1. Could you size up the charge dipole of the chain around its Cα centre, putting +1 on the beta carbon of Lys and Arg and -1 on that of Asp and Glu, and report it in debye to the nearest 20?
2. Within a Cβ distance under 12 Å of residue 195, other residues only, what is the Lys/Arg minus Asp/Glu net charge?
3. From largest to smallest, what semi-axes in whole angstrom does the stretch 17-115 give when each is the square root of 5 times an eigenvalue of its alpha carbon gyration tensor?
4. Relative to the Cα centre, what is the charge dipole magnitude of the stretch 1-64, using +1 at the beta carbon of each Lys and Arg, -1 at the beta carbon of each Asp and Glu, and rounding to the nearest 20 debye?
5. Using a Förster radius of 41 Å, what is the FRET efficiency between residue 12 and residue 61 based on their Cβ-Cβ separation? Nearest 0.05, please.
6. Apply 1/(1 + (r/R0)^6) to the Cβ-Cβ distance of residue 120 and residue 206, taking R0 = 30 Å, and write down the FRET efficiency to the nearest 0.05.
7. In whole Å, what is the distance between the alpha-carbon centres of the stretch 155-189 and the stretch 114-136?
8. What FRET efficiency do you get for residue 180 and residue 42 if R0 is 25 Å and r is their Cβ-Cβ distance, rounded to the nearest 0.05?
Amino acid sequence: MRDGKIAAMRQDYKVGELLESSAPPEPWELFSSWFEIARQARILEPNAMILSTVSEDGQPTSRVVLLKDFNHRGLVFFTNYLSQKGKHLTNNPRASILFWWEPLQRQIRIEGEVGKIDVEESDTYFQSRPHGSCLGAWVSKQSQTIADRTVLEKRQIEFEKKFADGNVTRPDYWGGYRLIPRKFEFWQGRSNRLHDRLLYSMKQDTWTLVRLAP
Ligand SMILES: Cc1cc2nc3c(=O)[nH]c(=O)nc-3n(C[C@H](O)[C@H](O)[C@H](O)COP(=O)(O)O)c2cc1C
């Protein structure tokens, strides 16, 4: 153990509670209300979520992506379909998403299947992005090894010339995914590590709700 300082780091959680009496029958309503509260809290990017996928040889890996839309159909994020996560999802479309909103002492875990969204939906979102971000989708062959930063700088110049008219089209390898949840676990930190955990699971087209021990 280093100097014991890490081992001594701990917080008691006291800001809220999550009781069955306030849990709606379906998780979307709770997700939506927690998300809205997170938006109003002083959190820099409440839509930043940890997406975990699994490689062909069974190795899980996680990274942050940004939630860009959600409704009863699922949660949408955008990325490069040829990236590491894109390859994982082609091979195994199951993924998990995690939000940790520290000031609220809340965690949400979501699991489900991921599929590509319609090309029209990806086009609409792509065109709403700042010019530099649109170019970035062309410049970066996401997750590939590159010799150094000049590789990016050269490609940036190349694509600035290519799209000199300012109209950047969406590369077909870049677009959105939608995760369709089958499980939502809402976690509210409580005192003495006796946290609240409510788990919604989809079974035969119906959401069931149980409480888990912390
Ligand atoms: C706050 C934050 C937001 C991010 N948002 C996205 C995103 O929306 N889409 C994306 O492809 N990568 C995003 N990234 C970068 C990813 O975490 C990751 O580095 C990249 O997608 C490559 O992951 P992969 O090699 O596993 O495919 C974000 C990173 C951070 C820290």
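1. 620 debye
2. Combined, the nearby Lys, Arg, Asp and Glu give +2.
3. Equivalent ellipsoid semi-axes, largest first: 26, 15, 12 Å.
4. 480 debye
5. E between residue 12 and residue 61, to the nearest 0.05, is 0.80.
6. Details: r = 31 Å, r/R0 = 1.04.
After rounding, the FRET efficiency stands at 0.45.
7. Using only Cα atoms, the two centres lie 5 Å from each other.
8. Working: r = 31 Å, r/R0 = 1.25.
After rounding to 0.05, the efficiency reads 0.20.
Any read-out appearing in this document is the output of simple, stated calculations on the displayed coordinates, not a laboratory observation. This one's a predicted model, so the numbers in the text were calculated from it and none came from an experiment. Note: ideal-geometry Cβ built from the backbone for every residue, glycine included; neighbour counts use all protein chains shown.
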